[in-house]
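Asker: Quick one: this structure, given as structure tokens, is what I'll be asking you about.
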Amino acid sequence: MLTYFCLLGFSLRTHKHFFQGTEEDVEERGRQWSRGKAIFILLVATAFVALLSEFLVGTIESVRHAVGVTEVFVGVIVVAIVGNAAEHSSAILMAMKNKMDLSVGIAIGSSLQIALFVAPVLIFLSYLFGRPMDLEFSLPEVFAVVASVYILFQISGDGETNWIEGIQLLSVYVILGILFFYLPEPQHIAP
């Protein structure tokens, strides 16, 4: 979590010039919202997303049993796609405008936010609610994370991108989806 807060300080304070747009980006934006309006819209959107998340969580268990998929597949593939739809659409829109730095930044930033902030907060909160989360991951889950990070650095390391790299990334996601679809449900041993 400390790393996440350092990342926020880096991007919002000490090195914000790396993340500011060019003059044409400022002209393209046109009129900006006031701080109060932006905060209000953010709070309304957050409440709306929280409400939709409750609907998703409420229906996911019955759908999971009806379709016959595992909790791991639903969590890693389905919830990841549905839960990050806003980030995905923003990244695609920026890529269509040929703003690949911003597009990749959105995708990586979303993942960093989950890994460095949301996951640790959920783990600490799980202890407060008396249902501690474990951090026990299967070998395929660890492999998927390591492979994803490695492939991300291979793709983004040269600072350029093309359509075949996008196809390759989608192929890796499909392969991981197939892996998690056929990964058996973990057997929990009662204490």
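Asker: For every other residue with a beta carbon closer than 14 angstrom to the beta carbon of VAL82, add +1 if it is Lys or Arg and -1 if Asp or Glu, then tell me the sum.
Answerer: Every neighbour counted, the sum reads -1.
Asker: Can you send over the carbon and sulfur percentage of the accessible area for the chain, probe radius 1.4 Å, protein chains only?
Answerer: 70 percent
Asker: Please determine, in degrees from 0 to 90 and to the nearest 10, the orientation of helix 139-156 with respect to the longest principal axis defined by the Cα atoms of the chain, where the helix direction is its Cα long axis.
Answerer: For helix 139-156, the angle is close to 20 degrees.
Asker: Given R₀ = 30 Å, FRET efficiency for LEU112-VAL67 by Cβ-Cβ distance, to 0.05?
Answerer: 0.45
Asker: A follow-up question, please. For Rg and Dmax of the Cα atoms in Å, the listed values are (i) 29.4, 101; (ii) 19.7, 57; (iii) 19.3, 62; which was obtained by calculation from the structure presented?
Answerer: (iii)
Asker: With runs of 4+ DSSP H residues as the only contributors, calculate the mean residue ellipticity of the chain at 222 nm using -39,500 (n - 2.57) per run, divided by the residue total and rounded to the nearest 500.
Answerer: Value at 222 nm, helices only, nearest 500: -21500 deg cm²/dmol.
Asker: Figure the gain on full extension for GLU87 and LEU170 (residue separation times 0.36 nm, minus the Cα-Cα span) and round it to one decimal in nm.
Answerer: 28.3 nm
The values are calculated or read from the model by the stated rules, or taken from the named source; none is laboratory data. The structure displayed is predicted, hence computed values, not measured ones. Positions of Cβ are backbone-derived with ideal geometry, glycine not excepted, and every protein chain shown enters the neighbour counts. Accessible surface areas use protein heavy atoms only, side chains included; no ligands, DNA or RNA. Shrake-Rupley method; radii C 1.70, N 1.55, O 1.52, S 1.80 Å.
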